[in-house]
1. So which trypsin sites (Lys or Arg not before Pro) in region 189-222 are both in a DSSP loop and have at most 14 other Cβ atoms within 10 Å of their Cβ?
2. Which of ASP185, ASP71, ASP59 moves the most in a Gaussian network model of the chain with Cα springs under 10 Å?
3. Given DSSP loops and a limit of at most 16 other Cβ atoms within 10 Å, what is the longest stretch of the chain that contains no such GluC sites (Glu not before Pro)?
4. If I model a spin label at GLU120 and LYS201 as a point 7 Å from the Cα along the Cα→Cβ vector, what separation in nanometres do I get?
5. Remind me, relative contact order of the chain in percent, using alpha carbon pairs under 8 angstrom and six or more residues apart?
6. Using the Cα centre as the reference, give the magnitude of the dipole from point charges on the C-beta atoms of region 83-222 (Lys, Arg: +1; Asp, Glu: -1; all else neutral), rounded to the nearest 20 debye.
7. What are the semi-axes of the equivalent ellipsoid for the chain, taken as the square roots of 5 times the Cα gyration tensor eigenvalues, largest first, in whole Å?
8. Looking at region 10-109, which trypsin sites (Lys or Arg not before Pro) are in a loop (DSSP not H, G, I, E or B) and have at most 15 other Cβ atoms within 10 Å?
Amino acid sequence: MKLLRELLKEQDDSKMLAVVYGGRFQPFHRGHAAVYEHLCKLFGKNRVWIASSNKVNMDPANGDVSPLTFDERKEVMVRMFGIDPEHIVQCKNPAFSPAEVLAMYKGPTVCVMAVGKKDEERYKESKFFAPYPVEHGVPQSFKKVRQGLEDTSEAPKMYYLVMKDEAGSMSGTKARQIISKLDADSSLADRKASFKQVFGKYDELVYELLVGKISQVKDERS
């Protein structure tokens with residue numbers, strides 16, 4: 001069997017790097033969008049994928065709140081932030097095993113999982129992931145990292161990259177709480193102000209979708 005470094009010489013690196021930003025995205029907000037855009041600047045838009053599941057949960061007492069289906073999450077990403085729908089992939093395990101993304105690659109594949117600081121320990125403890133090389137606080141270019149890859153298998157090489165928190169004080173819970181205060185009697189000015197907090201702009205279809213779905217969630221306290 002050829003060494004991975006030998007196979008790499010035969011393959012264009014633009015077709016072997018998968019950068020995966022996985023999460024629940026309930027909903028995908030301006031903080032998430034900022035992380036996504038930063039990843040695109042670091043690695044190139046064609047290499048960056050957003051992964052999420054289709055898990056739905058309306059009851060905070062029974063785990064993380066996830067009122068939106070995968071298709072609804074995708075609609076928010078596309079309409080509010082113009083993300084390419086072809087790069088939004090439904091995965092059973094978007095955080096640790098984005099197999100559905102990797103299935104689109106042929107040959108040796110390097111996968112970089114973009115993760116938040118709060119999840120760093122989970123990846124450190126995993127035997128399947130190594131920290132992506134960072135130099136002076138800046139992730140190294142893939143071209144440089146690729147030169148040091150050595151392996152005896154053709155299995156994906158898995159890294160994790162801890163991303164700076166771009167959300168500020170925004171979180172999925174806070175976004176849902178802001179939207180839950182809106183209803184049919186809310187003025188257009190109130191809708192726009194609330195949506196600007198969460199998304200940076202207003203969209204009527206997304207307003208109707210989110211207000212309708214979040215109103216079905218049982219009492220969710222901060």
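The values are calculated or read from the model by the stated rules, or taken from the named source; none is laboratory data. What you see is a predicted model, and the numbers here were worked out from it, not measured in a lab. Glycine also receives a Cβ, built like all others from the backbone with ideal geometry; neighbour counts cover every protein chain displayed. Ligands, DNA and RNA are excluded from the accessible area calculation, which covers all protein heavy atoms including side chains. Shrake-Rupley method; radii C 1.70, N 1.55, O 1.52, S 1.80 Å.
1. Here the trypsin sites (Lys or Arg not before Pro) that fit, given the DSSP loop and packing criteria, are LYS201, LYS218, ARG221.
2. Answer for the Gaussian network model of the chain: ASP185.
3. Longest run free of exposed loop sites: 11-124.
4. Taking the two extended label points, one gets 3.4 nm.
5. Computed over the chain, the figure is 29 percent.
6. It comes to approximately 260 debye.
7. Ellipsoid half-lengths, sorted descending, are 36, 17, 16 Å.
8. LYS55, LYS92, LYS106
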